[in-house]
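Data block below; observations after.
The values are calculated or read from the model by the stated rules, or taken from the named source; none is laboratory data. Owing to the predicted nature of the structure, the values given are computational and were not obtained by experimental measurement. Here Cβ is always computed from backbone atoms with ideal geometry, including for glycine, and neighbour counts include all displayed protein chains. Side chains are part of the model used for accessible areas, which takes the heavy atoms of the whole protein and leaves out ligands, DNA and RNA. Shrake-Rupley method; radii C 1.70, N 1.55, O 1.52, S 1.80 Å.
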Amino acid sequence: MLPSQALLPAVVFALTALQALASDTFIAAVYEHAVILPDPTEEPVSPSDALALMNKNMDVLEGAIKEAAQKGAHIIVTPEDGIYGWRFTREAIYPYLEDIPDPVVNWIPCTDPSRFGPAPVQGRLSCMARNNSIYVVANIGDKKLCDSSDPGCPRDGRYQYNTDVVFDSQGKLVARYHKYNLFRSETQFNYPKDPEVVTFETPFGKFGIFTCFDILFYEPAVVLVSKMQVDTVLFPTAWMNVLPFLTAVEFHSAWAMGIGVNLLSANTHNTSMAMTGDGLFTPEGPVTYHYDSATDEGRLLLGELSTQPRLSPTYPPAISWSLYATSIKKFPGENDTFSGAVRKDMFTFSELRHKAGNYTVCQGDLCCHLVYQMSNKRKDEVYVLGAFDGLHGSLIKYHWQICTLLKCASTNLSTCGQPVETAQTKFEMFSLSGTFGTSYVFPEVLYSGVQLAPGEFEVLRDGRLKSKHGTSKPLITATLFGRLYEKDLPHPLRASP
């Protein structure tokens, strides 16, 4: 007979599984981690020094994992770069990498740590999951040897991948994902030859996973949702906030609503690099979120989500994003426009000169329509209606269509499009729509102080983004953010010579 201690994890797992099966909801957690970074160096440190740093970060993550499990969470997501940071050359990151096998090998590193060679990080993460009876999602580095028979093999004889791993509540490795869309500074990693579409089943829904920059691209993000029909996407990220459209909480909440799944977003926390903002986002809006640019502390979030959001009676209906905008006549003021830059994207803007009005702004194939009424027209604040239809990005170019009601940084129109975090103007109503050439449109409403507006706006079936009862807080932007994936240019680093 096995000792009672040995039976305990299995009993806890069985009870947790039965509880999840009996419910149409589950408890999810994300942890925004203030990563302990290594000292910058171009030379590799010793494996023991690398592990010492990773253990410091895992000590913090373990505390969050224990707390989440004690509060009933079934799964917890931790951030991209959350175990070793990001200050690396290709050579310097090597001591931090482990060989991560394909999950088909049916491996529990916690109980069989040496099966695939040294794997102390995988072993510890596996034990965190097993000892706390919780699914654990983490981001680490994978290494794979290659040779001259592989024409793509790097000169140093190995592939290095930015990798997400998932361990189930018994500590078994159930998912491994290699990041496909690397950000421009991730020169320490390789792209996998083909995009990976990674899913796994749990007693509380079907999950998919990808990493950070991947969310902006058709592969793997849209493929995972539209073809694999996952219920929930796990999203480790190291997201640098970029106002006015790409703050983490703003865009990630909009993506979950526009694409129609749960998104468990776990961000790194580093205020010097504008990294903050995580949350639990659903097709109906955020369950909970966190944005903190003032302190250096991490944060654990928990919330209850639907296991199968598409079956929920409150699941949003399908949207015809251009239906309303293409059915109406162009409003006056279309020619009263000026150009302004949002970062390097040249928008066509029209100033909202009155307390209330109807406006149209067009650029390329996109016309944006706005009906609005301000609570009070202030002399010290300027708002514009803006349109952008074109390619974004310097090295990697991808196509956006954006309609936005936007606060300018000052009364000088040349500041329209610059980052703004605060405002004073509330709107009694607004209705924003556009002649989008895509079904992938993400609705954003951002209030003063980088706050979301859950429950205060809706998207009608004809594509109008509307306030419900006026804005309860001053408005920074209301935006419809569209992606025309088919117009993206070939990736310059993956294109055939």
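The angle separating the long axis of helix 47-70 from the principal Cα axis of greatest extent in the chain is about 70 degrees. Note on segment 278-387: Cα-Cα pairs beyond 21 Å make up 62% of the total pair count. Over all orientations, segment 322-487 has a Cα convex hull whose mean projected area works out to 9.0 square nanometres.
Helices in the chain, meaning DSSP H runs of at least 4 residues, each add -39500 (n - 2.57). Divided by all residues, the mean residue ellipticity at 222 nm is -4500 deg cm²/dmol. Model label sites at HIS354 and TYR218, defined 7 Å from Cα along the beta-carbon direction, differ in position by 4.3 nm. Computed over the alpha-carbon pairs of segment 25-311, the distance histogram in 10 Å steps reads 7, 31, 39, 20, 3, 0 percent, short to long.
Report the full-extension gain for the segment GLN424 to PHE116: residue separation times 0.36 nm, less the Cα-Cα distance, to one decimal in nm. Provide the component values of the computation, followed by the final result.
Details: separation 308, 0.36 × 308 = 110.88 nm, distance 5.85 nm.
Residue separation times 0.36 nm, minus the Cα-Cα distance, leaves 105.0 nm.
In this view, the solvent-accessible surface of LYS355, computed with a 1.4 Å probe and all protein chains in place, comes to about 90 Å².
Between segment 86-136 and segment 362-433, the C-alpha centres lie 45 angstrom from each other. Ligands, DNA and RNA left out, the 1.4 Å accessible surface of segment 352-497 is 48% carbon and sulfur atoms. When the square roots of the Cα gyration tensor eigenvalues are ordered a ≥ b ≥ c, the ratio a/c for segment 143-268 is 1.5 or more and a/b does not exceed b/c, which makes its shape oblate. Just to confirm the number: angle between the C-alpha axis of helix 248-259 and the first principal axis of the chain, 0 to 90 degrees, nearest 10? Computed tilt is about 80 degrees. Annotation: peptides 468-474, 135-141, ranked by per-residue average of other Cβ atoms within 10 Å with the highest first, follow the order 135-141, 468-474. Scanning the chain for GluC sites (Glu not before Pro) that sit in a DSSP loop and have at most 11 other Cβ atoms within 10 Å, the longest stretch containing none of them is 43-296. At 20 °C and 1.002 mPa s, what whole-number value in µm²/s does Stokes-Einstein give for the translational diffusion of segment 147-214, with Rh from the Kirkwood sum over Cα pairs? Rounded to a whole number, D works out at 156 µm²/s.
Starting from the residue with the highest accessible area, list ARG343, ARG155, ARG310 in decreasing order, probe 1.4 Å. Don't skip to the end; give the middle numbers.
Working: ARG343 155, ARG155 250, ARG310 70 Å².
Descending accessible area places them as ARG155, ARG343, ARG310.
Normalised by 2.2 N^0.38 Å, with N the number of residues, the alpha-carbon radius of gyration of the chain equals 1.01. Here the gap between GLU458 and SER293, fully extended at 0.36 nm per residue and compared with their Cα-Cα distance, gives a gain of 56.6 nm.
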